[in-house]
1. At R0 = 25 Å, how high is the FRET efficiency between L19 and Y247 if r is their beta carbon distance? Nearest 0.05 is fine.
2. Normalised by the number of residues in the chain, what is the relative contact order in percent for Cα pairs under 8 Å and 6+ residues apart?
3. For the stretch 1-156, how big is Rg over Rh, using alpha carbon atoms and the Kirkwood form of Rh?
4. Rg to Rh for the stretch 187-312: what is it, with Cα atoms only and Rh by Kirkwood?
5. Scan the chain and note any complete DSSP helix (H) whose C-alpha atoms cover at least 30 Å along its axis and whose Kyte-Doolittle average is -1.0 or more.
6. Give the Rg (one decimal place) followed by the Dmax (whole number) of the stretch 166-261, computed from C-alpha coordinates and expressed in Å.
7. For a label point 7 angstrom out from the Cα of N213 toward its Cβ, which stretches of the stretch 93-132 have the backbone nitrogen within less than 13 Å?
8. Counting each DSSP H run of 4 or more residues in the chain as -39500 (n - 2.57), what helix-only mean residue ellipticity at 222 nm follows after dividing by all residues, to the nearest 500 deg cm²/dmol?
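Where a number appears in this text, it was derived from the coordinates with a stated rule and is not lab data. Here the structure is a predicted model, which means the values were calculated and not measured. Please note: Cβ atoms are built from the backbone with ideal geometry, for glycine as well, and neighbour counts cover all protein chains shown.
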Amino acid sequence: MGNLKNSPIVKKIGLNRILLVAVLIVMYVAFCITSPNFFGFTRILNLLNYAYFLGFLSLGVTFVIATGGIDFSIGPVMFCCALMAGYCFTSYGVPMAAAMVISVLIGIAFGIFNGYLVAYWSIPPFIVSMASMNIAKGLASVFTKTQSVSWPQSTAEGGWYRNLVRYGDIPVGLIIFLAFAVVCAIILNKTRIGRYILCLGSNREAVRLSGVNVKKWEMVAYIICGLLAGVSAIFFVSAYTTVQPGYGDQYNNEAIAGCVMGGTSMVGGLASISGTVIGVFIIALLQEGILALGLNKNYQLIITGIIVIVAVYFDVLGRRRKN
């Protein structure tokens, strides 16, 4: 095992990411064996549809967790963005392009709200995100008068937005998602923004004493998370069309699980965008595989919860060894 860790290839790619890819392949083969129709192209497209919106949520929360914070409002905020923007299109005649912009702006607004309370008012992230989760649910319900909202089908007026996910049999959404992931990786690893965000999670006080405005950069992490929640809403409705008020909680744990599984430390200071991407595909594959086996979603909730516990345990174990 020691020789494997010291291998140049392993050092460059990362042992955690290699193991995650191996897990992804083994899971896919296992589901193909246990469910013969799992290998079909339609099943793969369904898997990708789930991975897109969950992936954007996970990319966003990676920045927040990297600071040592947490955001449990991302799922309801995504639904709030989809409901309010969709209602503007269906009830007020707002053009589709403008509705998509509204979705992103609502996400940014929640990011500013969360970030400001956490960074400038020093309210614990857990409390802020739980409050924000309820606000998102309530705001969407009030705005839409507790009605579900159906975004247009591809053949209807304004339905062109669905081409962002799939154009014919071409998974355009995969290209867009991976492009966003590359941008996020560059921001996190190659820019001052990412450097400060990671340093906040490693040693906040040392960063503050060095003259850095820690409040500003912590708030930026939440704004990025909110922005990506707004983008995630667009990809959710592109795949599933109808959105109902009061939902979204279930996607919080899945997004965080994909993030933590990918190597992002829950105490901050360490994050991996590429690991998050792989983790998201594992969660999406798990969801689709459970459906293919004829089991209900409750089994996925159980397994996702176990994944979070195991991932956090290994994170804590790794930090104890380093210390």
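1. In this case the efficiency is close to 0.15.
2. The value is 33 percent.
3. Dividing the radius of gyration by the Kirkwood radius yields 1.09.
4. Value, to two decimals: 1.04.
5. Those that clear 30 Å and a mean of -1.0 are 41-66, 96-119, 214-240, 297-322.
6. Using the Cα atoms of the stretch 166-261, the pair Rg, Dmax is 16.8, 55 Å.
7. 120
8. So the calculated ellipticity at 222 nm is -25500 deg cm²/dmol.
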